[in-house]
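Bear in mind that the values in this text are calculations on the coordinates, not laboratory data. Please read these numbers as outputs of a predicted model, since none were measured by experiment. So basically every Cβ, Gly included, is an ideal-geometry build from the backbone, and we count neighbours across all protein chains shown.
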Amino acid sequence: MSSSSQVTESWISSFCGLLGHEYFAEVPEDFIEDDFNLTGLQSQVPMYKEALEMILDVEPEDDEDEEDEEEEDEEDDEILGDERPTGYRRASDRRHLRIASDLSVIESSAELLYGLIHQRYITSRPGIQQMSEKYEMQHFGTCPRVYCSSCKVLPVGLNDTPGHETVKLFCPSCLDVYTPPNSRFQTVDGAFFGTTFGSLFFMTFTDLDIGGSRTSSAGAADALLAIQAANAEAKARNSSTTPANVTSINGVAPHNLAPGLGPGNIYEPRIYGFRVSERARSGPRMKWLRMRPADITDLDETRRYWEEHGAEDVDRPDDDDMNMVDVAADGKGFQVDRRKRVVGRRRRANGSGNGEGSPMDTNGVGGAV
Amino acid sequence: MDDFNSETDSDYTSYWRDWFISSRGNEYFCEIDEEYLTDRFNLTGLNTEVQYYQYALDLVTDVFDFDCDDEMREMIEKSARHLYGLVHARYIVTTRGLAKMLDKFKKSDFGKCPRVMCDSQPLLPMGQSDIANTSSVKLYCARCEDLYNPKSSRHAIVDGAYFGTSFHNILFQVYPAMLPAKSQRRYEPRVFGFRMHAGAALARWQGEQREVMKERLKKAGIETGFEDEDEELESEMEDEEMEIGDGFEPGQPGGMVDSQALLHGRW
């Protein structure tokens, strides 16, 4: 807070430059100056005003009168040993006093406040953009899991209120969270990143290829699968050419839904080359955690429900609303914001037999078959 | 030995193996018994794998007294390390070797699982191949049954074949009491408190697979090994769901999935 440090570096950038604070984005001052963005934080942070001033590098003496006086009185109460008459104090003295007495309290309040603002900022449009640049540059590291092949990870919290958990790393390839490898991050509160950011990030940047550097060292069957997956991926990218091509399942592109999971990416315990039986006491029990259906449309629960529960049900929704699979319609390409869900080829192939397309369905049932 | 001493670190103690296992990057190795190393039977076939086999073996067993130039000594030194690693892979599956590695495991010498839901489960080193120079050493977590890369880059250059593909599985067969209880806890990606549909659907599907497996095991009369399972073995799946708190992905028996799917589909 001293004037000399202000010249060189703002509080925010010095905070983000500290060891262990590498995950933080620098929140621009105009975001902090907008009171709307700070709604409700006053009650969460002790010495809120001072903390905010510290973050924004505002000189306390710039503030106006009465409020200030009151605070000074409070300060006097706190520091009883200091018997300086109030009237005698000039601004610089006051600042000096503050530094001597409760600078560390304000400093920790400022860090808390900055963290909470940061949690909000990184879910805003400029904030998430800034984090995506850090993500691309691999500032957050990679997934420690072998089968995720060094997929880039994001910092997340497991709780939105501070003081619960330290920051964790979310891997989009296995949809799991990991402890950062370096212990210096054990001092960073997870709430400063929040629970929403990780998922919102991948909802925002749907075009990111999160697979990591895929090099599957698996058998022929897996290789075949990999080739098929690669084909599907290629198709998904230039979506307009192939009809009935699934471009989205439950709102996510299939090649971006947990690409680190599924056949070929599950560890198979072996002793001298023989697989350990599931029935052995020490046999595998956790494969489910890394499973992923070979046919990703198995995850279309709505369609599966109605396939099992006959067509005569009056509650049965329109075909349009009935599944969560997007396919590329002929010639039209894949539109993210399309409200209408096009009926997938697979449902037809399964012969659920209940499907005249809705009269409203103009794009693609025919093309999708 | 004096020549050798002069070219290595000052913290070289009295034996090559002491020096080797205490040097940086070799923390995962345990010390191989002298008797094991000197029994030729245990070294069967390694003479074709290792260059300067005899010299390397002499060096490892501290009887090296061959006078040669620095370059040659370096080559032998390198071979000795390779030989030690290959013998190590064989040694750690013996009774004594397993006991030594178990001690290190208990002290978490191999690190702890980075996965948050594994609660710092100690790891075991393993290789993805038994053939040397295929891949570096990985770490196996017995709780989530998955493989992780060592944190430190100094371990990333250790060959996985020096631990082998079988060791960690054999250890838990020999010491089943060391097996941790499996956990069903998992991370749920959420946005503003709402679960992500794609991730949640996948998690439900995985939960189904898990219940199928549990059912399979129960039919065969085998313990599933999941935590809290013993008390609830008899009770219904629904009860289990009620007891599991926030942050758990409850196992979904068939009917539940469908009704949830309906909600999600419409929402």
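To the nearest 20 Debye, how big is the dipole of the range B:9-91 about its Cα centre, given +1 on the beta carbon of each Lys and Arg and -1 on that of each Asp and Glu?
Dipole size: approximately 420 debye.
Given B:MET178, B:SER120, B:PRO150, which one lies farthest toward the positive end of the charge dipole of the range B:99-178, if we put +1 on the Cβ of every Lys and Arg and -1 on the Cβ of every Asp and Glu?
Projecting each Cα onto the dipole axis, the largest value belongs to B:SER120.
Could you tell me which of the pairs A:LYS287/B:LYS104; B:LYS112/B:LYS138; B:LYS106/B:LYS214; B:LYS100/B:LYS182 are separated by over 18 angstrom between their Cα atoms in the structure shown?
A:LYS287/B:LYS104; B:LYS106/B:LYS214; B:LYS100/B:LYS182
Could you tell me the calculated FRET efficiency between B:GLN54 and B:THR95, based on Cβ-Cβ distance and R0 = 25 angstrom, to the nearest 0.05?
FRET efficiency, B:GLN54 to B:THR95: 0.30.
Measuring from the lowest to the highest alpha carbon on each principal axis, how far does the range B:99-178 reach, largest first, in angstroms?
Result for the range B:99-178: principal-axis Cα extents of 33, 27, 20 Å.
Using only the Cα atoms of the range B:9-91, what do you get for the radius of gyration and for Dmax, in Å?
Here Rg and the maximum Cα pair distance are 12.2, 34 Å.
Name the residues whose placed amide hydrogens come within less than 5 Å of the amide hydrogen of B:VAL158, ignoring near sequence neighbours (fewer than 5 apart) on the same chain.
Residues meeting the criterion, in which the H sits 1.01 Å from N, are B:VAL137.
In the range A:109-139, which residues have a backbone nitrogen under 19 Å from the label point lying 7 Å from A:PHE36's Cα in the Cα-to-Cβ direction?
A:117-129
Please state the charge dipole magnitude for the range B:99-178, taken about the Cα centre, from unit charges on C-beta atoms (+1 on K and R, -1 on D and E), reported in debye and rounded to the nearest 20.
That gives the range B:99-178 a dipole magnitude of about 280 debye.
Order by neighbour count: B:ASP69, B:ASP62, B:ASP39, B:ASP146, fewest other Cβ atoms within 10 Å first, most last.
Result, fewest neighbours first: B:ASP69, B:ASP39, B:ASP62, B:ASP146.
Going by how many other Cβ atoms sit within 10 Å of their own, how do A:ASP57, A:ASP300, A:ASP295 line up, fewest first?
By the 10 Å Cβ count, ascending, the order reads A:ASP295, A:ASP57, A:ASP300.
Give me the dipole magnitude in Debye, nearest 20, for the range B:31-189 about the Cα centre, with unit charges on the beta carbon: positive for Lys and Arg, negative for Asp and Glu.
With Lys and Arg at +1 and Asp and Glu at -1, about 1380 debye.
Under 5 Å between amide H atoms, partner at least 5 residues away or on a different chain: which partners does B:PHE226 have, H built in plane at 1.01 Å?
Close amide H contacts, sequence-distant or interchain: B:LYS182.
Could you point to the residue in B:THR61, B:ILE32, B:ILE76 farthest towards the positive end of the range B:9-91's charge dipole, with +1 and -1 charges on the Cβ of Lys/Arg and Asp/Glu respectively?
Projecting each Cα onto the dipole axis, the largest value belongs to B:ILE32.
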